[in-house]
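Throughout, read-outs are computed from the coordinates displayed, never taken from laboratory work. All figures in this text were calculated on a predicted structure; none of them were measured in a lab. Cβ placement follows ideal geometry from the backbone for every residue including glycine, while neighbour counts extend to all protein chains displayed.
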Amino acid sequence: MHSILSFIFTISLVVIVHEFGHFAVAKIFKVSVEKFSVGFGKVLYKKQIGITEFSLRIIPLGGFVKFYEESKSKNLNLFENISLFKRSLIVLAGPLINFIFAFFLLLFLNQGEQYNVIPKITAINSQSIAAEVGFEINDLIILINDKKINSVTEHNKALIELANKDLAYTILRDNKKVSITINKTKRSDLKKSKSKRDGANGLYFFPSGKNSLLINEVIPNSPAEAANLRKNDRIVSVDDKIIYDVSDFLDSVKSKANTVIIIKLLRNTELLSISVTPRLSSENIRNTAVIGVKIKPTLDIKNNYINYFKFNNLDIIFKSFYDVLEGINMVFKSFIHIITGNIDWRLLSGPISIAELSSETLSIGLATYLSFLVFLNINVGVLNLLPIPILDGGQLLFYMAEWVLGRPLNKQKMIISQRLGAIILLLVFTLAVYNDFFNFMYN
């Protein structure tokens, strides 16, 4: 229920922002708006304000602003009668305000003390390509394909930007530069797998590390309590798979409901093997297995891996603007890489994934949730600018053609192309839902 409610709230917020952009600029140009809707389908609630009906509908997967048509004209200012330039601005305003909203969220997030996680390797999956090509713990990544890397975030962005290339790493090891290459055919970072443990080709960074996961609390009447797990136990492995971080642990437990698992842990200096039977939890949108512990990473000497800093007021503005541009660039490149096959299409996410992320980020804290909202607004903005009929980008493409030709396009042809655009979007949406369902059932 928490996932569903957080999904509805999050999607509705993004939709309201987007549609308000269209609505506000239309009002600036005195265009008559008939309907402003959040959601599709059956109307749950509506209110007439002036000449505009505001409504909330049953399917929370989008929204629309509808302008009055000529047949309903009663001294109204019709959208189709204004200049091509003004129509273009109204259409462009939806995606643009998503970017502006993301910018203002980033202005807030970039306030106060900031930090970067230094790209220093804290653990390596022994079965991964990273181990095979010779990475070592404490290697400091300084370059990838001549691109300077100052943080783990920059490292992860570089993986997407270089999705179709070999990764030529330059690392600092014992104050000496070492070159290591991961061939693009052996990369696992952009391929779908049941396990998340190869997300960065087997490399882990702070706060991940061997024996770094600590049980912070054991929930009463839980499988963990029944198995005598205790506070301050350090998790070593699950079913002989070494655990480096929270994601590894959740990945190893979530599909094992009513199945005995063997958890190896350190209690003080003693290595123990304990049998636990996870049970189903219905707190998330999908029923996942849990053992009833709260865990936290506790990698020692945190200051060796964190770089703290602050922006001044002018830097906050420039950084926020740059982050929006960088986000737009990353989302656009991700779309291109999925289309060209450089990124596995099974990584495309749909509404179930958004619901889970909404719930998880809300549970973690305000800053994490706002960061997710930034990501979502940028994604929605870029998606709507794609030149697909029925989207804002497709409409702008029509207006560009009208400007070049010097006359309006044939309405019948526009309707046909919009139907084709709707089919394309339906196929993409179906693919995303299929991926969500597959992950829901098998991960």
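Quick notes
- Top of Asn232, Asn201, Asn75 by mean-square fluctuation, Gaussian network on the chain, Cα under 10 Å: Asn75
- The range 213-300 - convex hull of the alpha-carbon atoms, volume per residue in Å³: 89 Å³
- The fewest-to-most ranking of Ser252, Ser417 by surrounding Cβ atoms within 10 Å reads Ser417, Ser252.
- Cβ-based charge dipole, the chain, positive-most Cα from Gly50, Met330, Ile97: Gly50
- Net lengthening on full extension, Ile390/Glu217 (0.36 nm per residue, minus Cα-Cα): 57.2 nm
- Vicinal HN-Hα couplings computed from phi for the range 235-249 (Karplus, 6.51 cos²θ - 1.76 cosθ + 1.60; Hz; Gly/Pro x): 7, 9, 7, 10, 6, 6, 9, 5, 9, 10, 8, 4, 4, 4, 5
- Evaluated at q = 0.11, 0.22, 0.23 Å⁻¹: base-10 log I(q)/I(0), Debye formula over Cα of the range 117-204: -0.25, -1.13, -1.25
- Rg over Rh for the range 1-71 works out to 1.02, using Cα positions for both radii and the Kirkwood form for Rh.
- Rough spin-label spacing in nm, given labels placed 7 Å along Cα→Cβ, for Ser247 and Leu420: 3.9 nm
- Karplus-derived 3J(HN,Hα) values for the range 127-136, using 6.51 cos²θ - 1.76 cosθ + 1.60 with θ = phi - 60°, are 9, 9, 5, 4, 5, 5, 8, x, 5, 10 Hz; glycine and proline are entered as x.
- Note on the range 213-300: with charges restricted to the Cβ of Lys and Arg (+1) and Asp and Glu (-1), its dipole about the Cα centre is near 160 debye.
- Remark: Thr298, Thr185 ranked as Thr185, Thr298, counting other beta-carbon atoms within 10 Å and listing the fewest first.
- Label zone at Val260 (point 7 Å along Cα-to-Cβ), backbone N below 20 Å, the range 289-332: 289-292
- Sites Phe309 and Asn232 - FRET efficiency at Förster radius 41 Å, r taken between beta-carbons, to 0.05: 0.80
- Each Cα pair under 8 Å and six or more residues apart adds its separation to the average, and for the chain the resulting relative contact order is 17 percent.
- Ser151 versus Ala367: modelled label distance in nm, points set 7 Å from Cα along the beta carbon direction: 1.1 nm
- 5 angstrom amide H check on Ala257, placed H, neighbours 5+ away: Ala289
- Exceeding the 21 Å Cα-Cα cut-off - candidates Lys86/Lys413; Lys177/Lys210; Lys177/Lys333; Lys120/Lys176; Lys147/Lys310; Lys210/Lys256: Lys86/Lys413; Lys177/Lys210; Lys177/Lys333; Lys147/Lys310; Lys210/Lys256
- In plain terms, the chain from Lys184 to Phe9 could stretch by 59.0 nm, reckoned as 0.36 nm per residue minus the Cα-Cα distance.
- The radius of gyration of the Cα set in the chain, together with its Dmax, comes out at 25.3, 84 angstrom.
- Placing +1 on each Lys and Arg Cβ and -1 on each Asp and Glu Cβ, with no other charges, gives the chain a dipole about its Cα centre of roughly 720 debye.
- Calculated from backbone phi, Karplus (6.51, -1.76, 1.60) coupling profile of the range 414-427 in Hz, x at Gly/Pro: 5, 5, 5, 5, 5, 5, 5, x, 5, 5, 4, 5, 5, 5
- Relative contact order of the range 213-300, defined on C-alpha pairs under 8 angstrom at six or more residues apart (%): 37 percent
- Once backbone amide H atoms are built at 1.01 Å from N, Ile390 has Gln395 as its partners under 5 Å, excluding neighbours fewer than 5 places away on the same chain.
- Taking each residue as 0.36 nm, the span from Ile58 to Thr277 lengthens on full extension beyond its C-alpha to C-alpha distance by 74.9 nm.
- Two-site FRET efficiency, Phe108 against Ala401, from Cβ-Cβ distance with R₀ of 51 Å, rounded to 0.05: 0.80
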